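Below you'll find the structure, written out as structure tokens, and then a few comments.
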Amino acid sequence: MKRHLLNTFYDLKAEPSRSPTDVPFQRYGHTVMGYGDYAYLWGGRNDDGACNTLYRFDTNTLTWSRPKVCGHVPGARDGHSACVMGNRMYVFGGFEEQADRFSQDVHYLDLDTMLWQYVPTRVRVHSVLCSPSCLVSWLTLGVNTLLRGRVCIVRQNALMNTNE
């Protein structure tokens, strides 16, 4: 009888970062999404406040960086949800500290161009989930979301043109 052993132990040696500002501070309420050879960390907070700085971890070099982004950057928040569909990282909701409100905003970051875009919505969205081909959202239509909510599925090609 053959026996197979799965080695789950790895000795990773990370090099010190070039700059202390390239390394994200300890936080909670953030999201981390994978795209290509990178992990993108966005949002979250610590005792000093919320953050809207994007951090990128390179899984090949084991180093952090802060990519330069442009466009309509979402306000600093925590407790949001995020998902990657295609080359876009969608961010929804969360608590915006500066506005002192729970957000219903949807934004996406093009992970190839690092351009943030605001996505106008016509309904109040409760949560989002991405699959390889579509964005699924739970829509809140009333106080009792279990009885008065509905599921909305948006195909990826419908999200590609946000000018409609």
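The values are calculated or read from the model by the stated rules, or taken from the named source; none is laboratory data. Predicted model only: the values in this text are computed from it and were never measured. Methodologically, a virtual Cβ is constructed for each residue, glycine included, from the backbone with ideal geometry; neighbour enumeration extends over all protein chains shown.
Descriptive notes on the structure:
- Against the list (1) at pLDDT below 95; (2) in contact with a Lys or Arg (Cβ under 8 Å, 6 or more places away or on another chain), the condition Gly79 fails is (2).
- Only residues that are surrounded by fewer than 13 Cβ atoms within 10 Å (Cβ to Cβ) and closer than 14 Å to Gln26 by Cα were counted across region 48-78, and they come to 2.
- Top-ranked residue in region 85-105 [being closer than 20 Å to Tyr28 by Cα and among the hydrophobic types (A, V, I, L, M, F, W, C); ranked as farthest from the chain's Cα centre (by Cα)]: Ala99
- Of the candidates Phe25, Phe57, the single residue that is at pLDDT below 95 and not small (Gly, Ala, Ser) is Phe25.
- Of all residues in region 39-81 being in a strand (DSSP E or B) and of a type in the set (Ser, Thr, Tyr), the one that is nearest to Glu96 (Cα to Cα): Ser81
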